[in-house]
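Inspection log for the structure reproduced underneath, given as structure tokens.
No lab work stands behind these numbers, since they all come straight from the coordinates. Owing to the predicted nature of the structure, the values given are computational and were not obtained by experimental measurement. Heads up, the Cβs are rebuilt from the backbone with ideal geometry, glycines too, and the neighbour counts pull from every protein chain shown.
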Amino acid sequence: MRPAYFASLAALLAAIPLPQLAGARSPADPSGKPARSCFWADAVNGFAAADDRTLNVRVGVRDVYQFEMFGPCRDIRWTERLALVSRGGSNICTGLDAEIIAPSPIGPQRCQVRAVRKLTPAEVAALPKGARP
């Protein structure tokens, strides 16, 4: 009796859909919210600041994510080094998951990230040269 119980339990568990890490919404999702896209913090390999509130980071070979800060992060346009701190885990899905630390003349500047979004290939191609990581 036990083998049949475990076989039926395994079949039941296999039929339950698991949420995807990328957070893609199902076609039946009527909310209209954009799909979430996550990445590992240690996969970031380049950055460029469009202004003191917008930072574009390259993840892997072709993905670019745009970080929008809560307020101005004055030294991100001029620095050659930044630290990306992931809060609560090693992947970043939303702005609350990340913090930027930029060196400044008076010590490290901590910049809170408000929003993170993955740019489309067309948006990446349209970035000005200085804002493209």
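Per-peptide packing, taken as the mean over residues of other Cβ atoms within 10 Å, places 61-70, 76-85 in the sequence 61-70, 76-85 from highest down. Computed extension length for Glu80-Ala125: 14.0 nm, one decimal, from 0.36 nm per residue of separation with the Cα-Cα distance subtracted. A Förster radius of 22 Å combined with the Cβ-Cβ distance from Ser104 to Thr54 puts the calculated FRET efficiency at roughly 0.75. Remark: relative contact order (the stretch 39-131) = 29 percent; criterion is Cα-Cα distance under 8 angstrom and separation of 6 or more residues.
When each of the peptides 109-117, 52-60 is scored by the mean number of other C-beta atoms lying within 10 Å of its residues, the order from highest to lowest reads 52-60, 109-117.
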